[in-house]
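A short worksheet on the structure shown next.
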Amino acid sequence: MLLDTYYLFLLQDVQTFIDEAPHGVILFTLGSVISAESMPNERREAFLAAFTSIPQRVIWKFEGSIENLPKNIMISEWLPQRDILGTQRPREPGSCFERIVI
């Protein structure tokens with residue numbers, strides 16, 4: 001369980017995006033070493049197609065902009081990852097995030 005101190009502050013638009021997600025949220029980031037903006041267009045389009053086809057909302061750390069961004073995807077150059085992952089909502093089974101470690 002994440003500590004409540006991680007949930008100190010979320011930008012209101014991110015918090016609203018999470019709160020209004022009926023099927024939960026996926027946080028997608030390639031870290032700070034790989035720039036999502038520099039990936040080939042066909043790979044970016046593949047991610048967009050995959051994210052669009054699922055019922056969850058996706059918060060994607062993405063440097064730059066994407067035209068015609070689907071409504072279930074939010075992009076941002078910087079994200080408070082600990083705060084986002086520490087977000088809890090009353091919903092079965094507990095968190096709005098699936099925590100997967102690879």
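Read-outs throughout are calculated quantities, based only on the coordinates presented, and are distinct from any laboratory measurement. Here the structure is a predicted model, which is why all the values come from computation and not from measurement.
Summary of computed values
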{"read-out": "Relative contact order of region 4-85, pairs being alpha-carbon contacts under 8 Å that are 6 or more residues apart, as %", "value": "35"}
{"read-out": "Rg/Rg_globular for region 4-85, with Rg_globular taken as 2.2 N^0.38 Å and Rg from C-alpha atoms", "value": "1.09"}
